[in-house]
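**Q** Starting off with a structure, shown below.
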There are 2 protein chains.
Amino acid sequence: MTFDEAKAKFVQTWGTLATQWGINRTMAQIHALLMIAPDPIDTDTVMEQLQISRGNANMNLRELMDWGLVYKQLKPGDRREYYIAEKDVWKIARQVAKERRRREITPVIEVLEELKKVNTDTPEAEAFRKIVGDLSQVVGFADNTLNAVIKAEENWLMGQFLTFFRSI
Amino acid sequence: MTFDEAKAKFVQTWGTLATQWGINRTMAQIHALLMIAPDPIDTDTVMEQLQISRGNANMNLRELMDWGLVYKQLKPGDRREYYIAEKDVWKIARQVAKERRRREITPVIEVLEELKKVNTDTPEAEAFRKIVGDLSQVVGFADNTLNAVIKAEENWLMGQFLTFFRSI
DNA sequence: CAATATTTTTTGAAAATACAGAAAGTTGCT
DNA sequence: AGCAACTTTCTGTATTTTCAAAAAATATTG
């Protein structure tokens, strides 16, 4: 496999993984492209490399900045805006964990807590509260896991977790 | 909130959460419906409750069985097939972890390992190997986390994890 | 073995999502 | 201010995903 093939495969793989987890393919591909770029890249380069329109490139670059995964970079004497990706993978992980927790997990926990309060007095309602409560625990577990990632220090994380998981 | 409203909200919430994580909305809604059903349910009931077609109901019920989250149940003296959901939420979690690991994480790890082997000798390729290697670690961490869930015993899981995470 | 009930697969259409290209908006220079 | 270099937003189109309805297959009963 040539280096160019490897880069292409990386971009494609990252895009596929993203889709499977409910994230826009192009956004992930741009992210991949920026992660493996040694230097800042401008919009036109992104467009050319991924064969996408300016509008699309711009939209997803903003989204990536919104997720805190990509930064703008200005070059002195150049009006264009260049983009650079966060390269610290654990920081990336923390950022993603943080966003997904905020956008998707926390709201669900709130709803489930609300639903547990239904006070209808039938066996059916009793069963309902049971399963909702149980699911609440599972989602809470996911929440805790993400939170652990968010709170963890860079290097500390790998060590602690690996030690813990190896014990299982 | 009435009990019926609560049930509806639960089904809707579960569907939304699923979409956000790359899973078919209807599949999750059927799953939700079955989880809170005290008794086995047949296809027509699913169709009626969620206002979906027979084809759609059937397809997603199969998919749910494929994920190991729903079982068929036959009633003596009745030709129809009834469906029942796994109610043990930790078993559900383990099942989901198992499937997603198999379908989505493991393949990515293999690709990343492959990509690390690119032996082009330039600074750019060196940086590529670095980021791919680092990401490999992060994905490996996700893999380990899912694996821990899969391997864990039912009740044991909550206790261990909570203790661990509280320490963070 | 027919007649009937039930499940499964297929197919084309509808809905949702993603996107290109163009228009509009900004910024900075002369 | 006026122009040029870029960036952002908008709008209609294309792609993908989801799904209803019909057709086909399978199972069950008399």
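The values are calculated or read from the model by the stated rules, or taken from the named source; none is laboratory data. Just so you know, these numbers come straight off a predicted model, no measurement behind them. Cβ: placed from backbone, ideal geometry, glycine included. Neighbour counts: every protein chain shown. Surface areas here come from the heavy atoms of the whole protein model, side chains and all, with no ligands, DNA or RNA. Shrake-Rupley method; radii C 1.70, N 1.55, O 1.52, S 1.80 Å.
**Q** Answer yes or no: is there a residue in segment A:56-78 that is over 16 Å from the mean Cα position of the chain (by Cα), within 16 Å of DNA strand C (Cβ to nearest atom) and under 22 Å from B:Leu112 (Cα atoms).
**A** Checking segment A:56-78: not a single residue is over 16 Å from the mean Cα position of the chain (by Cα), within 16 Å of DNA strand C (Cβ to nearest atom) and under 22 Å from B:Leu112 (Cα atoms).
**Q** Give me the residue from segment B:1-13 that is open to solvent by 40 Å² or more (accessible area, probe 1.4 Å) and not acidic (Asp, Glu) and, out of that set, nearest to the chain's Cα centre (by Cα).
**A** B:Gln12
**Q** If I filter segment A:62-84 for residues that are more than 15 Å from DNA strand D (Cβ to nearest atom), open to solvent by 30 Å² or more (accessible area, probe 1.4 Å) and within 14 Å of chain B (Cβ to nearest Cβ), do I get at least one hit?
**A** Within segment A:62-84 (the criterion being more than 15 Å from DNA strand D (Cβ to nearest atom), open to solvent by 30 Å² or more (accessible area, probe 1.4 Å) and within 14 Å of chain B (Cβ to nearest Cβ)), the answer is no, since none of the residues qualifies.
**Q** Could you identify the single residue in A:Ala8, A:Ala32, A:Ala18, A:Ala57 that is within 11 Å of DNA strand D (Cβ to nearest atom), free of Cβ contacts under 8 Å to residues at least 40 places away in the same chain and assigned to a helix (DSSP H, G or I)?
**A** Among A:Ala8, A:Ala32, A:Ala18, A:Ala57, only A:Ala57 is within 11 Å of DNA strand D (Cβ to nearest atom), free of Cβ contacts under 8 Å to residues at least 40 places away in the same chain and assigned to a helix (DSSP H, G or I).
**Q** I need the full set of residues from segment B:85-104 which are more than 19 Å from A:Val138 (Cβ to Cβ) and more than 8 Å from every other protein chain (Cβ to nearest Cβ), in order please.
**A** Correct list: B:Arg102 only.
**Q** Something else: Take segment A:110-136 and flag every residue that is more than 7 Å from every other protein chain (Cβ to nearest Cβ) and in a helix (DSSP H, G or I).
**A** Scanning segment A:110-136 gives A:Glu110, A:Leu112, A:Glu113, A:Glu114, A:Lys116, A:Glu126, A:Arg129, A:Lys130, A:Gly133, A:Ser136.
**Q** On to the next question. Of these, B:Lys91, B:Lys130, which one is touching a residue at least 60 places away in the same chain (Cβ under 8 Å) and surrounded by fewer than 16 Cβ atoms within 10 Å (Cβ to Cβ)?
**A** B:Lys91
**Q** Just checking, how many residues over segment A:27-49 are crowded, with 18+ Cβ neighbours inside 10 Å and within 11 Å of DNA strand C (Cβ to nearest atom)?
**A** 5
**Q** Right, next: Are any of the residues in segment A:154-168 at the interface with chain B (Cβ under 7 Å from one of its Cβ atoms), outside any helix (DSSP H, G or I) and modelled with pLDDT under 85?
**A** Yes, the conditions are met somewhere in segment A:154-168.
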